[in-house]
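The values are calculated or read from the model by the stated rules, or taken from the named source; none is laboratory data. Just so we're clear, the structure is a prediction, and the values are computed from it rather than from any experiment. So basically every Cβ, Gly included, is an ideal-geometry build from the backbone, and we count neighbours across all protein chains shown. Surface accessibility is based on the protein's heavy atoms, side chains included, excluding ligands, DNA and RNA. Shrake-Rupley method; radii C 1.70, N 1.55, O 1.52, S 1.80 Å.
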Amino acid sequence: MKRAHAVVGLLALAFVACKPPANAPPPRSTLVVGLDISGSFRKSGQFDPAMRYASLYIYAHVNALGGLKQATDVFVGSLGGERVGQPKTFHPIQDLSGKSPEEIEADLRRWFPEEDPITDFNAFFQRTAVHIKRQGLVLAPLNIVMFSDGVPDFPGAGRLAPAQLYAKIDVSPIEYLSRNVTVRLLYAQPTVAQNWEKLVPRNRVKIWTQDEQVMAGWRRHEVAGVALEHQDSLWSWTQQIVDFRVRRGKVL
């Protein structure tokens, strides 16, 4: 009996020793947000609500509201350009910290006022990899969230069958940046979402999609007049619908 009590005591001490102190900084976690500013997405009717929700999503993750995982590093960039492969500016967390969702949304619209004629996911993934490596964030969990209709748009894309078109999406630059890399596509139509899940080649990257009809649901959970830290329904919806924990492998 004494031996059993000793073992329990040692386990309890080990648990306390492993538990981080209350004032310890949060574990490293990187959030990369991609915004589709193409004419097709702007004219879809989803662009304005997507921008509003993107600002709330960023704010909530920077400030760890409602039990959402705190992002210790954030980058925001666009998903396209004037030409294929064009690198675009990524704005860091320092440009977003200490701002309200309204201020973040205003900044997003100011940073990306133009319409991109090309939606180039490959350039976005390549640029993401550059920033992750440059900032020494390799191995930290990587959450990439794209607000987009999800349709690759480049010269000749319209002549390709879906299997060929989505096979050209190259996630290899981000495959081995971390053991936990998740790409989330929000606001796509169901057929496009399914093409991302089934046709995009990948090994370790996990893909999660939510179509535009589901994403419209966030508005029902935002309670007017309630402080953001008390928007429990909105953050619970975000955790279950957007930040769903994805298993590796293609969705069948």
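For the reader, a short list of remarks on this structure follows.
- P(r) tail fraction, the range 145-185 - alpha-carbon pairs more than 14 Å apart, %: 58 percent
- Translational D in µm²/s for the range 110-185 (Stokes-Einstein at 25 °C, 0.890 mPa s, Kirkwood Rh from C-alpha pairs): 177 µm²/s
- Of the GluC sites (Glu not before Pro) found in the range 70-177, the ones in coil according to DSSP and having at most 16 other Cβ atoms within 10 Å of their Cβ are E82, E114, E115, E175.
- Global geometry of the range 164-247, whether rounded, prolate or oblate, following the gyration tensor of its Cα atoms and the 1.5 cut on a/c: oblate
- Model label points for Q239 and R110, set 7 angstrom from Cα along the Cα-to-Cβ axis, are 3.3 nm apart.
- Applying 1/(1 + (r/R0)^6) with R0 = 41 Å to the Cβ-Cβ distance of K99 and R247 gives a FRET efficiency near 0.75.
- Under-5 Å amide H pairs with T209, H placed in peptide plane, nonlocal only: L185
- The stretch between Q135 and R42 holds 30.3 nm of extra length on full extension. This uses 0.36 nm per residue minus the Cα-Cα distance.
- Distances between every pair of Cα atoms in the range 178-219, grouped in 5 Å steps from 0 to the bin holding the largest one, split as 6, 23, 29, 19, 13, 8, 2 percent.
- Spin-label model, D232/Q164: points 7 Å from Cα along the beta carbon direction are separated by 5.4 nm.
- Rg to Rh quotient for the range 106-252, alpha carbon positions, Kirkwood Rh: 0.98
- Ordering of 71-80, 192-201 by burial proxy (mean other Cβ atoms within 10 Å per residue, highest first): 71-80, 192-201
- For the range 120-252, the solvent-accessible area with a 1.4 angstrom probe is 51 square angstrom per residue.
- 3J(HN,Hα) from dihedral phi, the range 175-190, Karplus parametrisation 6.51/-1.76/1.60, rounded to Hz, x for glycine, proline: 4, 10, 6, 7, 6, 10, 10, 10, 9, 10, 10, 10, 5, 7, 6, x
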